[in-house]
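Q: A single structure is presented below for examination.
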Amino acid sequence: MGKRKLYLALLAIIAIVCLPMLLPSHEKSLERTYQHNEGTVFGTLYHAKYLYDKDLKKELEAELEKVDASLSMFNPQSTISRINRGETDEVDEMLNEVLQLSFTIYKATDGAFDPTVAPLVNAWGFGFKSGQLPDSTQVDSLLALVGLSHIHLDGNKLTKDNPLSILDFSAIAKGYGVDRAAQVLRRHGIKDFMVEIGGEIVTEGVNEKGEAWRIGINKPDDDSTSTSTELQDVIEISGKAIATSGNYRNYYIHNGRKIAHTINPKTGYPAQQDILSSTVIASTCAEADAFATAFMVLGTEGAKRVLETQPQLETYFITNDK
């Protein structure tokens, strides 16, 4: 009996030692501590969740402040604001990077993504300035200022064919900011995280449950108050960026007509297409952000033509075809 009791005691010890190794990975992950940060940037909210033993909120916000100081149209002292006022022709490192990517996506989308559309966006009552509803003459005159092909970059020197042209990177800046915040986390060797700014997201690894990150896609119901949270779908992603563009939040009604914020750079008028919500998954959030906007301009048929040349992109479109 003595030997049997000793044998059973040894089995019990082995079971206790081995039990943590036998637990499913998602149960073990519950013991892992994720940092949660949030705050305001670019006039909207940001959120960050990451597996790390230290809080990196100060570092994350310092990086986002650099993006704001470079690209924000609402910061009068940002590099882009000073360039638009003609006070400088020198771009900083971040603006240079975003411009280079903008040139690439402008060409890939045949001008559907165009940061020089800002004067028209403002004229239609969106953007960083308010305007009256433009007539056809005003639209035609403003179209003369539009076209990224009229912007040139030589090293860190930016020149414009028309000095009145202005640049607005609102359709890519949030995505770029998410990418920069993700770089901060990666520099610390963090493998599991999610960073989000105003709905533009980068994910890596797994969430607190040890599972792929689950991202909701809003149902595109007209809601200018931005309070509707009903989801159309939920998708799982990891190691990717995701961005969504839609006209169901930012719009107004004029004489019974819905005026949405996505302006077609070719026509000068609000885009009237079949896509209600355009979601793009890409390797970087800046890329996803810009293409999502371009596809709102192009509609499904135009988007399909672009996607034939961009196999690295995945898309989720919600259209008005019931």
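The values are calculated or read from the model by the stated rules, or taken from the named source; none is laboratory data. Just so it is clear, the structure is predicted and the values come from calculations on it, not from any experiment. Every residue, glycine among them, receives a Cβ derived from its backbone with ideal geometry; neighbour counts consider all protein chains shown.
Q: Name the pairs: first residue in region 30-50 and of a type in the set (Val, Ile, Thr), second residue part of a strand (DSSP E or B), Cβ to Cβ under 8 Å, at least 6 apart or on different chains?
A: Cβ pairs passing all conditions: Thr33/Leu51; Thr40/Tyr46; Val41/Ile197; Thr44/Ile197.
Q: Of everything in region 171-222, what is in a loop (DSSP other than H, G, I, E, B) and basic (Lys, Arg)? Give them in sequence order. Explain how you work it out, then say what you get.
A: First pass over region 171-222, keeping only residues in a loop (DSSP other than H, G, I, E, B): 188-192, 198-199, 205-212, 219-222.
Residues satisfying the conditions are Lys191, Lys209, Lys219.
Each row is one residue, and each column tells you yes or no for (1) in contact with a strand residue (DSSP E or B) (Cβ under 7 Å, 6 or more places away or on another chain); (2) closer than 15 Å to Thr44 by Cα.
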site	(1), (2)
Ser170	no, yes
Gly175	yes, yes
Gln183	no, no
Phe193	yes, no
Ile197	yes, yes
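Q: For region 208-217, state whether one or more residues are within 30 Å of Lys240 (Cα to Cα), among the β-branched types (Val, Ile, Thr) and either under 25 Å from the mean Cα position of the chain (by Cα) or buried (at least 18 other Cβ atoms within 10 Å of the Cβ) (or both).
A: yes
Q: Could I ask something else about it? Here are some conditions: (1) surrounded by 13 or more Cβ atoms within 10 Å (Cβ to Cβ); (2) assigned to a strand (DSSP E or B); (3) free of Cβ contacts under 8 Å to residues at least 12 places away in the same chain. Ser81 meets all but one. Which one does it not meet?
A: Only one criterion in (1) surrounded by 13 or more Cβ atoms within 10 Å (Cβ to Cβ); (2) assigned to a strand (DSSP E or B); (3) free of Cβ contacts under 8 Å to residues at least 12 places away in the same chain is unmet by Ser81, namely (2).
Q: Still on this structure, I have one more. Quick one: would you say Glu204 is of a type in the set (Asp, Glu), over 19 Å from the mean Cα position of the chain (by Cα) and surrounded by fewer than 22 Cβ atoms within 10 Å (Cβ to Cβ)?
A: no
Q: Scan region 299-322 residue by residue and report those that are touching a strand residue (DSSP E or B) at 6+ places or on another chain (Cβ under 8 Å) and closer than 18 Å to Ile263 by Cβ.
A: Of everything in region 299-322, those that are touching a strand residue (DSSP E or B) at 6+ places or on another chain (Cβ under 8 Å) and closer than 18 Å to Ile263 by Cβ turn out to be Gly299, Ala303.
Q: Looking at region 280-292, is at least one residue in contact (Cβ under 8 Å) with a residue 12 or more places away in the chain, over 21 Å from Gly239 (Cα atoms) and not aromatic (Phe, Trp, Tyr)?
A: No: zero hits.
Q: Sort through Val67, Val98 and tell me the only one that's closer than 30 Å to Thr33 by Cβ and not in a loop (DSSP other than H, G, I, E, B).
A: Val67
Q: Here's a follow-up. Which of the residues that make up region 35-64 are hydrophobic (A, V, I, L, M, F, W, C), out of contact with any Phe, Trp or Tyr (no Cβ under 6 Å at 6 or more places or on another chain) and either modelled with pLDDT under 95 or assigned to a strand (DSSP E or B) (or both)? I'd like the intermediate steps shown before the answer.
A: From region 35-64, those hydrophobic (A, V, I, L, M, F, W, C) are 41-42, 45, 48, 51, 56, 60, 62, 64; that's our starting set.
Now drop any that are not out of contact with any Phe, Trp or Tyr (no Cβ under 6 Å at 6 or more places or on another chain), which leaves 41-42, 45, 48, 56, 60, 62, 64.
Answer for region 35-64, where residues must be hydrophobic (A, V, I, L, M, F, W, C), out of contact with any Phe, Trp or Tyr (no Cβ under 6 Å at 6 or more places or on another chain) and either modelled with pLDDT under 95 or assigned to a strand (DSSP E or B) (or both): Val41, Phe42, Leu45, Ala48.
Q: List pairs: first in region 235-246 and at positive phi, second assigned to a strand (DSSP E or B) and of a type in the set (Asp, Glu), Cβ under 6 Å, 6+ apart or cross-chain?
A: Gly239/Glu204
Q: In this structure, is Lys28 modelled with pLDDT of 50 or more, within 19 Å of Gly210 (Cβ to Cβ), among the charged types (D, E, K, R) and surrounded by 11 or more Cβ atoms within 10 Å (Cβ to Cβ)?
A: No.
Q: Which condition number does Ser283 fail, the rest of (1) under 17 Å from Thr104 (Cβ atoms); (2) touching a strand residue (DSSP E or B) at 6+ places or on another chain (Cβ under 9 Å); (3) crowded, with 18+ Cβ neighbours inside 10 Å being met?
A: All conditions pass for Ser283, except number (3).
Q: Further question on the same structure: Taking region 226-280 on its own, how many of its residues are of a type in the set (S, T, N, Q) and modelled with pLDDT of 85 or more?
A: Total satisfying the criteria: 9.
Q: Being touching a Phe, Trp or Tyr at 6+ places or on another chain (Cβ under 8 Å) and within 14 Å of Ile215 (Cβ to Cβ) is the filter here; which residues of region 278-292 pass it?
A: Once the filter is applied, which keeps residues that are touching a Phe, Trp or Tyr at 6+ places or on another chain (Cβ under 8 Å) and within 14 Å of Ile215 (Cβ to Cβ), region 278-292 yields Thr279, Val280, Ile281, Ala282, Cys285.
Q: So is Thr116 exposed (fewer than 13 other Cβ atoms within 10 Å of the Cβ) and in contact with a His (Cβ under 8 Å, 6 or more places away or on another chain) or not? Even if it seems obvious, please write down each step before you answer.
A: Details: exposed (fewer than 13 other Cβ atoms within 10 Å of the Cβ): no; in contact with a His (Cβ under 8 Å, 6 or more places away or on another chain): yes.
Answer is no for this residue.
Q: A follow-up question, please. Quick one: is Phe103 crowded, with 23+ Cβ neighbours inside 10 Å, under 24 Å from the mean Cα position of the chain (by Cα) and closer than 26 Å to Thr284 by Cβ?
A: no
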